[in-house]
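To keep things clear, I will list the structure first and then write my remarks on it.
A short reminder: the numbers here are calculations on the coordinates, not readings from a lab. Please read all numbers here as calculations on a predicted model, not as lab measurements. All Cβ positions, glycine included, derive from the backbone under ideal geometry; neighbour counts span all protein chains shown.
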Amino acid sequence: EFWDTEFSSESILKSTMNDFICGQYNRPFLESFEETPMLVAVLTYMGYGILTIFGYLRDFLRHWKIERCHIAREKEEQRDFVPLYQDFENFYTRNLYMRIRDNWNRPICSVPGAKVDLMERTSRDYNWTFEYTGRVVLDVINLGSYNYLGFAENTGPCADSAAEITMKYGVGVASTRQEIGNLDRHEELEKLVAKFLGVESAMVFGMGFATNSMNIPALTGKGCLILSDELNHASLVLGARLSGSTIRVFKHNNMQSLEKLLRDAIVHGQPRTHRPWKKILIVVEGIYSMEGSIVRLPEVIDLKKRYRAYLYLDEAHSIGALGSRGRGVVDYFGLDPCDVDVLMGTFTKSFGAAGGYIAGKWELIEYLRSHSHSAVYATSMSPPVVEQIITSMKCIMGEDGTTIGCDRVRKLAENTVYFRRRLREMGFIIYGNEDSPVVPMMLYMPAKIGAFGREMLKRNIGVVVVGFPATPIIESRARFCISAAHTKEMLDRALSVISEVGDLLQLKYSRRRIQPSLSLPCDDIVFEDIDD
Amino acid sequence: MNVGTAHSEVNPNTRVMNSRGMWLSYILGIGLLHVILLSIPFASVPVVWTLTNLIHNLCMYLLLHTVKGTPFETPDQGKARLLTHWEQMDYGVQFTASRKFLTITPIVLVHICSAITRPVLVFEEESSPKRSSRGIRDIWGGTRTRRNVAKERQDGCVCFGFAGSSMSFMTAALPGTAAR
């Protein structure tokens, strides 16, 4: 307890400093990203070095036909053609990824609720091919699905209403929104989303990834500037690149870095002509899914107002999961949703459906209805999915007459705090904010990535592990997603198993040296790929 | 497995040399190589140092300046496919901390190596008949006379090592080849 109070008092001190600075935080902002222990970093590099040496050895053996080659090759007749891919580009996939491939793409055969059924599979040639034994691993505790409020279920009011609507409207819409695929259910859903978020108007799209990648090009173009966070999701990066605007990256959640970029942009203007930028758009996420950190929204809004930039907030993971009423990160900080220019989110995570939305002022949404690629060319959302979202959203808002939604939001917050506290007490290094339901636990070494995934599955718990090159080279992690559907017994069982596996694999690295949070002035330069 | 799922870094290879503990691991790697070579029974200490220098330079040349591209597919449609790791570092920005460190280490290594293989000789005050056979004085203070011909073989090794390490230095210094 001594460490906990020292840690929390240190961070409360920092956040009261923040309060003094911007006066808008109404709760302590406790984030920590403990630094990698040096010995662990050295051993991680050694691990990758050994794997590289063995990779070269195996490639040599495969080339001289001493070992059988399982990789897809060109046929004999195509031997003189230009090869399909460079051998070296595939090095990582065939020598490192293939060894631990059984931790990903696991087929599930039930609804991904708090417990899930997996199809058992084995491999006789070291993960090159898989065979199904025919057995099903039942009741695996699911710590990997984005099921924050537990709406991924096949019974209950949401599923019943979705089934009813399928009987009435069918499953496919067979058109785009602009042509003849605009159902009355879509209109009702959009009004409901706008009411949920507290804004004027909203628009929904069939796919969450496509919401970002197809709408950012409609909002900005050449001559505009996009300031995006270092750890933004691939959909935001793709949308920014497709738009043709200049992209500048600021350090993760670092307000000094963002302010410096804003000032430089306004003072110097566009690169060669020094004309003023047409628009400056700051793109941030509510919860960053790989770090578990929450954006410093009060400070971002303060900067946005001071420098007259626009703000695009991607609440893919935070909508429904944060806030006392479940309305997302804006509700969590107690801010006004009209301060954020473009509110974006997805229905995949907290509503148990699929798709995304963009919300904001009425003029913006009307513009997007005719100018967004997704609205004009992509098929609209399917009716049962629409109904699932309507029912679950009404449940969260309390409009269905019960308190189920309210209870779930509170249960998620309790589960999150409990799980994080217990993991931290056990001595694991956990990244991120104390209130975020995404819990990344550091593994660091490449061998432990595979070992952790397999050991957890042996003990009937399903987790998601991530390694290089998806993460930085020494920061491989296992990512847990807490759900309101997890009961305390499930969490206790999961925690005891994690502790057991952590002792077995020596994962308890924490030395309680909490890195001072990211509110340091940025004095090292970020080298980025400049292409004008 | 996808590059950059957790971060918007287009080519993670550019950041590898800046990561925490990489420099220490590099030094420890050289130390490990040296210790392994020391365990060869018939090699004397100067020969082992020379071998360390040579093998280190060879490996660094192969890894940093010969192998091109990335071991994974990057989302930028292969901009780095024809670039060596040295050129990819920090997206081609010159004189960053990692580049300076990687340039200085082989130079330091070759100086240590030479100091151990050819320790500095005191210049002897000889009488005039011997002065004519003074020969070329090299930078470590010794003179290359007939007495020192037996050490020529070690000189040769040292010169090889120096040439290898200066290659990386020149690659950094020439702006045209490195900055792309």
(Q) Between A:Arg306 and A:His268, what is the label-point separation in nm under the 7 Å Cα-to-beta-carbon projection? (A) 2.0
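Fewest to most neighbouring Cβ within 10 Å: what's the order for A:Met441, A:Met98, A:Met214? Don't skip to the answer; put the middle values down first.
On the way: A:Met441 20, A:Met98 17, A:Met214 24.
Ranking A:Met441, A:Met98, A:Met214 by Cβ neighbours within 10 Å, fewest first, gives A:Met98, A:Met441, A:Met214.
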Q. So who's got an amide H within less than 5 Å of the one on A:Lys115, skipping anything under 5 residues away but keeping other chains? H placed 1.01 Å off N, in plane.
A. A:Asn142
Q) Which translational diffusion coefficient, to the nearest whole µm²/s, is obtained for chain A from the Stokes-Einstein equation, given a Kirkwood hydrodynamic radius over C-alpha pairs, 20 °C and 1.002 mPa s? A) 86
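Rounded to the nearest 20 debye, what is the charge dipole size of chain A about its Cα centre when +1 sits on each Lys and Arg Cβ and -1 on each Asp and Glu Cβ? Before the final figure, lay out the partial values.
Values: 62 positive and 67 negative charges, 132 e Å.
Roughly 640 debye, rounded to the nearest 20.
Taking the beta-carbon count within 10 Å as an exposure proxy, list A:Thr487, A:Thr155 from fewest neighbours to most.
Values: A:Thr487 12, A:Thr155 9.
Neighbour counts put them in this order, fewest first: A:Thr155, A:Thr487.
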Q.
Would the stretch A:421-485 count as rounded, prolate or oblate if I go by the C-alpha gyration tensor, calling it rounded below 1.5 in a/c and otherwise prolate when a/b exceeds b/c, oblate otherwise?
A. oblate
Q: Can you tell me the FRET efficiency between A:Lys260 and A:Leu495 if r is taken as the Cβ-Cβ distance and R0 is 41 Å, rounded to the nearest 0.05?
A: 0.45
Q. So for the pair B:Trp23, B:Gln77, with labels modelled 7 Å out along Cα→Cβ, what separation do we get in nm?
A. 3.8
Q.
Tell me which of A:Leu197, A:Leu281, A:Ala359 sits at the most positive position along the dipole axis of the stretch A:157-397, charges placed on C-beta atoms (Lys, Arg +1; Asp, Glu -1).
A. A:Leu281
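Computed FRET efficiency, Cβ-Cβ of A:Thr402 and A:Lys508, R0 30 Å: what is it to the nearest 0.05?
On the way: r = 42 Å, r/R0 = 1.40.
For R0 = 30 Å, the calculated efficiency reads 0.10.
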Q) What FRET efficiency do you get for A:Tyr132 and A:Ala163 if R0 is 25 Å and r is their Cβ-Cβ distance, rounded to the nearest 0.05? A) 0.25
Q: Using Cα positions and a limit of under 30 Å, work out the lysines in reach of A:Lys508, with same-chain residues fewer than 8 apart set aside.
A: A:Lys14, A:Lys115, A:Lys251, A:Lys349, A:Lys411, A:Lys448, A:Lys458, A:Lys488
Q | Over the stretch B:12-127, volume per residue of the alpha carbon convex hull, in Å³ | A | 150
(Q) Can you tell me what percent of all Cα-Cα pairs in the stretch A:157-397 are more than 21 Å apart? (A) 56
Q. Based on DSSP H assignment, which helices of chain A show an axial Cα extent of at least 24 Å together with a mean Kyte-Doolittle hydropathy greater than or equal to -0.5?
A. A:2-22, A:38-63, A:488-505
Q.
Test of understanding: what is the full-extension gain from A:Tyr56 to A:Glu89, defined as 0.36 nm times their sequence separation minus their Cα-Cα distance?
A. 10.6 nm
Q.
So the label point goes 7 Å from the Cα of A:Ala354 along Cα→C-beta, right? Which residues of the stretch A:104-140 then have their backbone N under 14 Å from it?
A. A:112
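Using only atoms on other chains, find how many Cβ atoms lie within 10 Å of each Cβ of peptide B:7-19 and report the average. Mind dumping the intermediate values first?
Numbers: counts 17, 15, 9, 4, 2, 6, 2, 3, 3, 7, 0, 3, 8.
Average neighbour count from other chains, rounded to a whole number: 6.
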Q) Using 0.36 nm per residue, how much length does the chain from A:Ser324 to A:Glu120 gain when fully extended, once their Cα-Cα distance is taken away? A) 69.4 nm
